[in-house]
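A.B. asks: What follows is a single structure, and I will ask about it in a moment.
The values are calculated or read from the model by the stated rules, or taken from the named source; none is laboratory data. In this text, all values refer to a predicted model and were calculated from it rather than measured experimentally. Heads up, the Cβs are rebuilt from the backbone with ideal geometry, glycines too, and the neighbour counts pull from every protein chain shown. For the accessible areas, the whole protein counts, side chains as well, though only heavy atoms, and no ligand, DNA or RNA atoms are used. Shrake-Rupley method; radii C 1.70, N 1.55, O 1.52, S 1.80 Å.
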Amino acid sequence: MQKPTYYSPDGSLKAHLDFARLGFDYLACPYRFEALFQHGLWRVRGIIEDNTLHLPEGSQCVHYGQQLFEGMKVQSGRDGKIYAFRPLDNARRLGRGAEYLQGPPVPEAMFLRGIEEVTAANHPYVPPFGSGAALYVRPFWMGIGDNVGVKPAAAYVFRIFVTPVGPYFKGGFGPDKGQEFLVSRYDRAAPHGTGHIKAGGNYACSLKAGAEAKARGFAEALYLDPAEHKYIDEIGAANFLAFRGKELLTPQSTSVLPSVTRDSLMRIAAELFKWPTRECKIALEELAHIDAAACCGTAAVITWVKRIADGEREWKFPFDPRWQQLYDRLLGIQTAVEEDPFGWRYEIKV
Ligand SMILES: Cc1ncc(COP(=O)(O)O)c(C=O)c1O
């Protein structure tokens, strides 16, 4: 199709949305990117308008969960440019998922092209710098076809939609914005299963735990390691971080999603701030010796964990100014307020 063109009465070329007040909700933007895998080849369909999928009813993604997704953000920089953040890491994580679910990986070049084209096509929806909002980018991959048995699909759809979003947890980040979490006895993924890939089924399996936590007034469920229920795994759709003394810790586990945000924060801490960091098992009982806790992810950025409850027990944590330092540096790198010594910003020309 032709490159989308926008005109506006006031010449602003920004969607008339109250960007500063957006929540984490779906808003249908005009365009999405799509490609189809068939006969052993990916074929780019390009930018399309229809936000409804038309799938064969026997599709593996519908019956057997042969489906993956990614989540990343595109933001406006202080320099007036538009940036994605480490998109290749999302492409590679999707590739690991495709390998596990026995389907074709999305070529990295096609993944990046999709991110660029879908952002450019929807550029009036990229929130302005300083609004606190971002364009959330949702690539996803599905096995499709006329099928009924349990086997990998022969054809796949790869699609990317975007939607402008505000904070994931109500209120966003700050010393007065602590969130409370409930330890769940349900598992979102098996010990040697799919926790490390972004398969939709993991999230279906987290709905009950999440609903029970929310019904009791908590923001989300905290998951323990599924083998022993002894160690902290992660919180909802976010990885766990903690300070014990000077050291920044994060759980070592095969059932958590390797978070791009966590990797970024651990590297900022170790390489820029010179703080000691460690990936290690963190037993629930050790929360008594933790000085501060947080969770992190593309959507959650860094969220201060104020309280964790488990039945009659609870652990409370103060706001630690080091969360603010990490938050400011991460956001600063993403939005060109700070230098980018790691080469994480990925400019998108619109
Ligand atoms: C289960 C889970 N853990 C952690 C994360 C954070 O990962 P990332 O920082 O790559 O968004 C996510 C979100 O993608 C997630 O779904």
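A.B. asks: Counting only helical runs of four or more DSSP H residues, what would the 222 nm mean residue ellipticity of the chain come to if each run contributes -39,500 (n - 2.57) and the total is spread over all its residues?
C.D. replies: Computed mean residue ellipticity for the chain: -5500 deg cm²/dmol.
A.B. asks: Going by a ≥ b ≥ c, the root eigenvalues of the Cα gyration tensor, does the chain fall in the rounded group (a/c under 1.5), the prolate group (a/b larger than b/c) or the oblate group?
C.D. replies: Since a/c reaches 1.5 but b/c is at least a/b, the shape of the chain is classed as oblate.
A.B. asks: While we're looking at this one, here's another question. Averaging sequence separations of C-alpha pairs under 8 Å and six or more residues apart, then dividing by the length of the range 137-210, give the relative contact order as a whole percent.
C.D. replies: RCO, the range 137-210: 21 percent.
A.B. asks: For Glu338, list long-range residues whose amide hydrogen, built 1.01 Å from N in the peptide plane, is under 5 Å from its own amide hydrogen.
C.D. replies: Under 5 Å from the amide H of Glu338 lie the amide H atoms of Ile333, each far enough along the sequence or on another chain.
A.B. asks: Separate question: Add +1 for every Lys or Arg and -1 for every Asp or Glu among the other residues with Cβ under 14 Å from the Cβ of Asp291, and state the total.
C.D. replies: +2
A.B. asks: Cβ under 12 Å from Leu55's Cβ, Leu55 left aside: what net charge do those residues give with Lys, Arg +1 and Asp, Glu -1?
C.D. replies: Net local charge, Leu55 excluded: -1.
A.B. asks: Which ³J(HN,Hα) values, rounded to whole Hz and listed in residue order, are derived for the range 230-236 from phi using the Karplus coefficients 6.51, -1.76 and 1.60 in 6.51 cos²θ - 1.76 cosθ + 1.60 with θ = phi - 60°, glycine and proline given as x?
C.D. replies: 10, 10, 6, 9, 8, 10, x
A.B. asks: List the pairs from Lys170/Lys274; Lys14/Lys198; Lys230/Lys281; Lys208/Lys306 whose alpha-carbon separation is above 21 Å, in the order I gave them.
C.D. replies: In this structure, Lys170/Lys274; Lys14/Lys198; Lys208/Lys306 lie more than 21 Å apart at Cα.
A.B. asks: For the range 164-173, just list the computed ³J(HN,Hα) in residue order, Karplus coefficients 6.51, -1.76 and 1.60, θ = phi - 60°, integers in Hz, with x standing in for Gly and Pro.
C.D. replies: These are the phi-based 3J(HN,Hα) values: x, 9, x, x, 6, 8, 3, x, x, 10 Hz.
A.B. asks: Find the relative contact order for the chain and round it to a whole percent, using C-alpha pairs within less than 8 Å whose residues are 6+ positions apart.
C.D. replies: Dividing the mean separation by the residue count of the chain yields 19 percent.
A.B. asks: Please report, in debye to the nearest 20, how large the charge dipole of the chain is about its Cα centre when each Lys and Arg carries +1 at its beta carbon and each Asp and Glu carries -1 there.
C.D. replies: Result for the chain is approximately 220 debye, rounded to the nearest 20.
A.B. asks: Lys151: which aspartates and glutamates have alpha carbons under 13 Å from its alpha carbon, excluding same-chain residues fewer than 8 sequence positions away?
C.D. replies: Excluding near neighbours in sequence, the set is empty.
A.B. asks: OK, next. Considering only protein heavy atoms, what is the solvent-accessible area of Glu339 at a probe of 1.4 Å, reported in Å² to the nearest 10?
C.D. replies: For Glu339, solvent-accessible area is about 150 Å².
A.B. asks: Let me ask something else about it. Roughly how big is the range 39-133's charge dipole about its Cα centre, with Cβ charges of +1 (Lys, Arg) and -1 (Asp, Glu), in debye to the nearest 20?
C.D. replies: 300
A.B. asks: So if I take the centroid of the Cα atoms in the range 146-187 and the same for the range 92-145, what is the distance between those two points in Å?
C.D. replies: Spelled out, the Cα-based centre of one part sits 14 Å from the other.
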